[in-house]
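This report refers to the structure that appears directly beneath it.
The values are calculated or read from the model by the stated rules, or taken from the named source; none is laboratory data. All values derive from a computational prediction rather than experimental measurement. Every residue, glycine as well, gets a Cβ built from its backbone with ideal geometry; the counts of neighbours run over all protein chains shown.
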Amino acid sequence: MKNSFLYMLFSLVFVLSFSCKSIMPDNNDDSIVTKPNFTDTLRVDSCDLNFNYTHQKGCDGKEYPDPMTSQYILPFPEGTVVKTGLTNCSSSYHGAGYPDRYAFDFNKPVGTKYYASRGGKVVLVIDDQPSDGGGEKYGNWVIVDHGDMTYGIYLHSPRYGISVAEGDIVKQGDLLGKVGRSGLAGYPHLHFIVVQNGYEWPYDPIPITFRNASPADVILKSNTEYKVCKR
Ligand SMILES: [Zn+2]
């Protein structure tokens, strides 16, 4: 009787430890300070798009455009919620002085589809890098030329995780690829940045706003949930 009780206890501990481990993000890069938490309950269930725009400036003095007339939307489907990791001028590679200071990290599980934040012509696709880091530092990525000397750059898809080809014309909201953790990504996320006058490293980033992100923050905060609203 006592033995079977102990056996059940051990089994329970084993099952619990296994299931806890399985929900932890796969992470082998502790230099990235922000870790995702996909088990968070959603706290954003309504759309507030009353932006309080006061010409907010970024860490190098460039001004964020008014979200009300922004050409950019969050790169995920309407009605869904996305949690940010690092955002504008925060830390690590997104800090002041870095070419990626105006980038946004959107934390999503591997395989989540992402869509064009703004339309344009696909000018570069890298699709053959390892899915789980190593290889080229951006991993697998796609660049969209917006036609006004600005470019949208989307990083870290799994190998063969890009859905478009060089030369394709994409409309805003068209499928571009899947979220992953290739290249310099310690955990699965989409790294999105807009740059100007070319996309060669070190590129010249520009601050952007999203016209459909709720709550209505002009500058998206780090580690914050945003609902993708209709606008
Ligand atoms: Zn990033």
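Remarks
- Long-range neighbours under 8 Å by Cβ, at least six apart or interchain, first residue under 20 Å from HIS146 (Cα atoms) within region 68-92, second of a type in the set (Ser, Thr, Tyr) and assigned to a loop (DSSP other than H, G, I, E, B): MET68/TYR53; SER70/THR209; TYR72/SER117; TYR72/THR209; ILE73/SER117; LEU74/SER117; PRO75/SER117; PHE76/THR112
- Test result for PRO36, modelled with pLDDT of 95 or more and either surrounded by fewer than 15 Cβ atoms within 10 Å (Cβ to Cβ) or within 16 Å of the ligand (Cβ to nearest atom) (or both): no
- Top-ranked residue in region 120-140 [being out of contact with any strand residue (DSSP E or B) (no Cβ under 8 Å at 6 or more places or on another chain) and under 14 Å from HIS191 (Cβ atoms); ranked as nearest to the ligand (Cβ to nearest atom)]: LYS137
- None of ILE143, ILE153 is within 16 Å of the ligand (Cβ to nearest atom) and under 14 Å from the mean Cα position of the chain (by Cα) except ILE153.
- Residue list for region 165-180, filter: aliphatic (A, V, I, L, M) and either crowded, with 19+ Cβ neighbours inside 10 Å or out of contact with any Gly (no Cβ under 8 Å at 6 or more places or on another chain) (or both): ALA165, VAL170, LEU175, LEU176, VAL179
- Number of positions in region 96-119 that are away from the ligand (no atom under 11 Å from the Cβ) and either more than 20 Å from SER70 (Cβ to Cβ) or not in a loop (DSSP other than H, G, I, E, B) (or both): 11
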